[in-house]
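Here the structure comes first, spelled out in structure tokens, and everything after it is commentary.
The values are calculated or read from the model by the stated rules, or taken from the named source; none is laboratory data. This is a predicted model, so every value here is computed, not measured. Positions of Cβ are generated from backbone atoms using ideal geometry, with glycine treated the same way; all protein chains shown enter the neighbour counts. Surface accessibility is based on the protein's heavy atoms, side chains included, excluding ligands, DNA and RNA. Shrake-Rupley method; radii C 1.70, N 1.55, O 1.52, S 1.80 Å.
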Amino acid sequence: MQAIVNGSIFMPDHIEKGACLLFAEKIIGVVAPGEVPMDAGVIDAKGGAVIPGLIDMHIHGYLGADASDGSFEGLRVMAEGLARNGVTGFLPTTMTVPEDELRVAFAQIRAAMSASRGADWRGAQVLGLNAEGPFINPVKKGAQAGENIRPGDAAFLEEYLDILRVFTIAPEMPGNMDCIRAMAGKCLIAMGHTAADCDQATAAIEAGVRHVTHLFNAQTPLKQRAPGVVGAALTDDRVSCELIADTFHVDRRLFPLVARMKGEMLVLISDCTRAGGLPDGEYSLGGQPIFVKGVECRLPNGTIAGSVLKLNQAVRNLLANTTLTPWQAVNAASLNPARRLGLTAKGSLEPGKDADIVVCDSDFNILRTIIGGKTVHAAPAGVPS
């Protein structure tokens, strides 16, 4: 048993101050300092925040690796790097690449998902697969490769139900509504890279769509007489929405609107590419060159192509630009995605849940990351991640 002392403990609806968090492989509970067992190992939070581990449900790559590469070692590199950002679980997210490459990538994600439960794994847990495409609209393909787009294929997806958590589809494309109906209830169906109008988006929600991929980006916008996918997503309480809160993909002045309208259905994502954690320069995404400068990732023609955002930065940006409480901002990157993915043992520091815990400072710089009760990252003294 271990105890985290001298920290502010983030619960789903409040912050516990002056208390201690007891855990082993699971969370035991919050106790007063005098109730910490004498034989417990003690971790001093030094006045920092103790938050649930962050869950990135939409991330393509990090530190030079990409989920579409089909590399087990690449997934390990991602996992170890992400733990330094306070991420304790993630969904490697594939792009619109050829089917044979998808199958290789899916097989490696399956292997990493199993391995990440083992004692030798030193990074964020692989929680499943997010397939962003290939069932999208060429008109809204963004940084996806148009030559690999194809109609929705439920039979193909059903081969991977053991790992598939989310997939993205454009409901207006021929055959795609049939795919949505066939997959409804089997995993989280996301609408994205789509030119659907509001009526088509609403019909897709009725058919089984319950999530929207990176709200505002690569979809029809909100207009006064044409509400689009954005309008359908914001006004339907059944639908959760991803937000890339890097202040580049979406103007920071829209953060309060999305937060107020979606509440617990707001999910922060990074949408990070292999360029994440690396210097500015030229990289690749889905077989296409991308150019990174600061927070901007673009194709040669200027099209936005993913991000280099870290999820703890997204929490910081959301809190700074809304009236959300600190625990609500953290929930958007922990409890909210856990709930949307059906991960009942993840997302909060409530008793009985997995001991996925992060210690950070007041600005969400990461000091320590604990997964399943085991410390996998501890920043050198005075050098937060």
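Here the Kirkwood formula puts the hydrodynamic radius of the range 1-140 at 17.0 Å, using every distinct Cα pair. I need the fraction of alpha carbon pairs in the range 45-88 separated by more than 14 Å, rounded to a whole percent. Every Cα pair in the range 45-88 considered, those over 14 Å come to 51 percent. Taking 7 Å steps out from each Cα toward its Cβ at residue 73 and residue 1 produces label points 4.3 nm apart. Across the cross-link table entries 140/310; 186/353; 26/46; 186/374; 17/293; 140/293, which are compared at the Cα atoms, the separations over 30 Å belong to 186/374; 17/293.
The residues of the chain expose on average 38 square angstrom of accessible surface per residue, using a 1.4 Å probe on protein heavy atoms. The simple Förster model, with R0 at 45 Å and r as the Cβ-Cβ distance, assigns residue 238 and residue 361 a FRET efficiency of 0.75. Shape class of the range 187-343 from the Cα gyration tensor (axes a ≥ b ≥ c, square roots of the eigenvalues): oblate, since a/c reaches 1.5 or more and a/b does not exceed b/c.
With the cut-off at under 14 Å, measuring from each backbone N in the range 104-144 to a point 7 Å along the Cα-to-Cβ line of residue 301 picks out 138-144. The apolar share of the surface of the range 286-368, taken as the fraction of accessible area on carbon and sulfur atoms (1.4 Å probe, ligands and nucleic acids excluded), comes to 51 percent. In terms of the mean number of neighbouring beta-carbon atoms within 10 Å, the peptides 311-320, 331-340 order highest first as 331-340, 311-320. When only alpha carbons are used to place a centre, the range 220-276 and the range 168-192 end up 19 Å from one another. Per-residue ellipticity at 222 nm, computed for the chain from helices alone with -39500 (n - 2.57) per DSSP H run of at least four residues, works out to -6500 deg cm²/dmol.
Taking each residue as 0.36 nm, the span from residue 26 to residue 115 lengthens on full extension beyond its C-alpha to C-alpha distance by 30.1 nm. Computed packing ranks the peptides 263-272, 109-118 as 263-272, 109-118, most packed first, by mean other Cβ atoms within 10 Å. For the options 182, 131, 201, a Gaussian network treatment of the chain with springs between C-alpha atoms closer than 10 Å singles out 182 as fluctuating the most.
The slack between residue 261 and residue 14, meaning 0.36 nm per residue of separation minus the straight C-alpha distance, is 86.8 nm. With the convex hull drawn around the C-alpha atoms of the chain, the volume per residue stands at 123 Å³.
Hull volume per residue, based on the alpha-carbon atoms of the range 258-385 and their convex hull, is 144 Å³.
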